[in-house]
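Heads up, the thing below is written out as structure tokens.
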Amino acid sequence: MQATAAEFFKLPIEEKKKYAMASDDIQGYGQAYVVSEQQNLNWGDLIYLQIFPSRYRKMSYWPTIPEFKETIEDYSSAVNKVAVQLLPNISVILGLDKDGLHGLHQEIMQGIRMNYYPKCCKTDLVLGVSPHSDQTTITILLQDDDEVGLQIHHQTGWVPVKPVPNTLVVNVGDVLEVWSNGRYRSIEHRAVTYEKKERMSFATFIVPDQEVELEPLDQMMDRHYGPRMYKKIKYGDFVRHSLARKLAGKTHTEFLKIET
Ligand SMILES: O=C(O)CCC(=O)C(=O)O
Ligand SMILES: [Fe+2]
């Protein structure tokens, strides 16, 4: 997987641009969440591809590197198995039936964002990815074994997520925060840059269908869990709202909250 992605990222920029994200799309090569020419860009290259259901794939964005398609499909199928094992467990924690979360998604959508962070000589000035939470139910992340790039926000500071070899990191996203009425908060995270070495990471996003109406589950709003904290919003509208703004900590999640 890493080797195949590296093949893509080391292509000349003109080659990579053949897969450039259209301005009204989220799939393809480029940077999302860019809303102004004044904004500081992130020190990284990325390509985002929708994987499942396969009818949403836009093959014009898939690099035609040998083995690319097979490698992404094999990796994504393996990660999908992890996701469909995790969701029933999270469902039970939320007081739902085993199949509850699966049902709430209508259809489970899976996409992959491949990130490449080149070496950087101004690591104190630029970030690989600005602070944000993911607009997902969960994100399943594969990162390089030998570098600490990912950091999570905890209390007043940033805590590095030290890679454990052959291990995936699972992050809670905004969708789970809403369904759980804030009991499981989406994690604010960022990626830092390195001077000595490049880094890659692969984030698999597990999200509901665009048409799903997001709102806290009934059983997460009671005397024990407290009053309703989040508005009702169509998942697709939430994503469109987020894409029109730059990444800035948990501001996207704050938008979902009921104003008090
Ligand atoms: O590179 C990383 O470890 C984080 C990437 C990330 O947060 C993302 O792609 O959403
Ligand atoms: Fe992220």
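Brief remarks follow.
- Were the residues from K231 through K10 laid out at 0.36 nm apart, the gain over their Cα-Cα distance would be 75.2 nm.
- Applying both filters, DSSP loop and at most 12 other Cβ atoms within 10 Å, to the GluC sites (Glu not before Pro) of region 54-99 gives E67.
- For the pair D218 and K58, label points projected 7 Å from Cα toward Cβ lie 3.9 nm apart.
- Cross-link pairs exceeding 28 Å between alpha carbons, from the set K16/K81; K16/K162; K18/K69; K18/K257; K196/K250; K81/K162: K16/K81; K16/K162; K18/K257; K196/K250.
- Most positive-pole-ward Cα, Q219, T4, W158, against dipole of the chain from beta carbon charges: W158
- Interchain or long-range residues, amide H under 5 Å from L127's placed H: W43
- Residue exposure sequence - E213, E14 - by fewest surrounding Cβ within 10 Å: E14, E213
- Estimated from helices alone, the mean residue ellipticity of the chain at 222 nm is -7000 deg cm²/dmol (sum of -39500 (n - 2.57) over DSSP H runs with n ≥ 4, per residue).
- Cα shape, region 37-95, gyration tensor, a/c 1.5 rule: oblate
- What the Kirkwood sum gives for region 2-256 is a hydrodynamic radius of 19.0 Å, with every pair of different alpha carbons counted.
- Cleavage-rule hits (trypsin sites (Lys or Arg not before Pro)) in region 187-260: DSSP loop, at most 11 neighbouring Cβ within 10 angstrom: K196, R223
- Value of D in µm² per second that Stokes-Einstein yields for region 1-132, Kirkwood Rh from Cα pairs, at 37 °C (0.692 mPa s): 194
- Per-residue Cβ neighbour counts within 10 Å put D74, D209, D124 in the sequence D124, D74, D209, beginning with the fewest.
- Degrees between helix 68-93 axis and first principal axis of the chain (Cα, 0 to 90, nearest 10): 20
- Translational diffusion coefficient of region 165-242 (Stokes-Einstein, Kirkwood radius from Cα pairs, 25 °C, 0.890 mPa s): 165 µm²/s.
- Neighbour counts of C-beta atoms inside 10 Å place L217, L101 in the sequence L217, L101, starting with the fewest.
- Principal axes of region 95-215: Cα extent on each, largest first, Å: 48, 28, 25
Values in this text are rule-based calculations from the coordinates and carry no lab data. Please read these numbers as outputs of a predicted model, since none were measured by experiment. Neighbour counts are summed over all protein chains in view; Cβ atoms, including those assigned to glycine, are modelled from backbone coordinates with ideal geometry.
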